[in-house]
Ligand code: SF4
């Protein structure tokens, strides 16, 4: 494993405190990487202390490898279990990350798979790649392969964690570090909400964190193989996800309920 992180104590600012950040989605001052790492570590430790059982939903992409590293490096895995949604349509490179995590950390990420009968019925009625035909068909595929397994993975927990960042897309511009997921009846944490793409890669490189080789081939954001393409320089980082759809509909449904993007309340909003 690489160098020790969190060497520099976090700098308190009026709206961005380390730990369970309840900050405005509009940052005031950018934090340095050591400050971000310290704040993220404090958030994970707070979750482990106060919100167990908790789970981390890992897509095995770069952001999620940062959180995987921080959870396992700080030995929080007994209180924060890591799972992934193995949809049956992932790239071989993405599936290969399960082995690399095992090799690097000795940890088995738990795969949650769709119900075989539901997949078979969808394919029989609509075709294997019917998600290209309409947004409704795409959402139904995501419901079967992602949302139903996600609901199973979240059941019985007090909190779940994602690797989403505010800067990733317009649908995530209002993301908070801590939110209340009303749909699942539990807290939801996005510990990397304040991180930039540069922060993610600086952390990965300086700590020798394993990452999906597709990131080196023009895939900044990685989902299922048939729904993800490489992007060109200058394109939005999520332009390769469901590229045939409008940007404001590009969420897989994991953060959407009844067709609407969940604007989950931040804790600060709830307490207001
Ligand atoms: S991302 Fe594509 S293949 Fe994967 S579950 Fe959604 S529609 Fe289906």
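Please treat every number below as a calculation from the coordinates, not as lab data. Worth saying up front: this structure is predicted, and the values here are computed from it rather than measured. Positions of Cβ are backbone-derived with ideal geometry, glycine not excepted, and every protein chain shown enters the neighbour counts.
Once the chain from residue 50 to residue 235 is taken as fully extended at 0.36 nm per residue, the excess over their C-alpha distance is 62.6 nm. Modelled label positions at residue 225 and residue 158, each set 7 Å beyond Cα in the direction of Cβ, lie 4.1 nm from each other. Estimated at 0.36 nm per residue, the fully extended path between residue 151 and residue 134 surpasses their Cα-Cα distance by 3.7 nm.
When each of the peptides 195-204, 58-67, 147-156 is scored by the mean number of other C-beta atoms lying within 10 Å of its residues, the order from highest to lowest reads 58-67, 195-204, 147-156. For the peptides 40-49, 206-215, residues were scored by their other Cβ atoms within 10 Å and the scores averaged per peptide; the highest-first order is 40-49, 206-215. Bridge orientation summary for segment 33-271: considering DSSP beta bridges with both residues in this region, about 45 percent are antiparallel.
The length gained by stretching the chain between residue 78 and residue 182 to full extension, at 0.36 nm per residue less their Cα-Cα distance, is 34.9 nm.
The orientation-averaged shadow of the Cα convex hull for segment 33-271, equal to a quarter of the hull surface, comes to 12.5 nm². Here the label points at residue 29 and residue 113, each 7 Å from Cα along the C-beta direction, are separated by 5.1 nm in the simple model.
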